[in-house]
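J.: After the structure tokens below, expect a handful of questions from me.
Nothing in this text is a laboratory measurement; each read-out follows from the coordinates by a stated rule. Only a predicted model underlies this, so the values are computations on that prediction, with no experimental measurement involved. All Cβ positions, even for glycine, are placed from backbone atoms using ideal geometry, and neighbour counts span all protein chains on display.
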Amino acid sequence: MLQSLLAEALDHHLIEDATLSANDAQAEAFWRIRDSIAEAERATGGSLAHDVSVPVPDMPRFMADAAAAVEAKFAGTHASAFGHLGDGNVHFHVRGDAMRGRSLTSPTSSTTWSRAPAAPSRRNTASAS
């Protein structure tokens, strides 16, 4: 079922690429990559990390608009978003030397974002046979 949904999304240009794990070892490798993002970001310098709830349909616009607003307001920064996107939650990180000693205040204050419903656990413990 997931494969057919992804194929349809690819056909309609809703996504550019997708990868599914073939076994538990590959699934764990995917999670290691995802879980290492914050660690890798910390190694590049100072950062501010935020967990943000956004309705799923608004997620792409939020990610693009919020990153552009932060990067415009704080020169030398780079904003990134990852994790839980399909659940309506996103880790929104701002990093760069320009953030050291500065406070970040409401870069998207002109936009109101509704709170998304609580997200289920990020890991599916069921395994495919």
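J.: Please work out the FRET efficiency for the pair residue 24 and residue 73, using the Cβ-Cβ distance as r and a Förster radius of 25 Å; give the result to the nearest 0.05.
T.: The formula returns an efficiency of 0.05 here.
J.: In nm, give the distance between the simple-model label positions of residue 51 and residue 82, each being 7 Å from the Cα along the Cα-to-Cβ direction.
T.: Calculated label separation equals 1.7 nm.
J.: Right, another one. With a cap of 13 neighbouring Cβ atoms within 10 Å, and only residues DSSP puts in a loop, list the GluC sites (Glu not before Pro) found in region 1-98.
T.: 16
J.: Next up: Which FRET efficiency, nearest 0.05, do residue 6 and residue 32 yield, Cβ-Cβ r, R0 35 Å?
T.: Once rounded, the FRET efficiency stands at 0.95.
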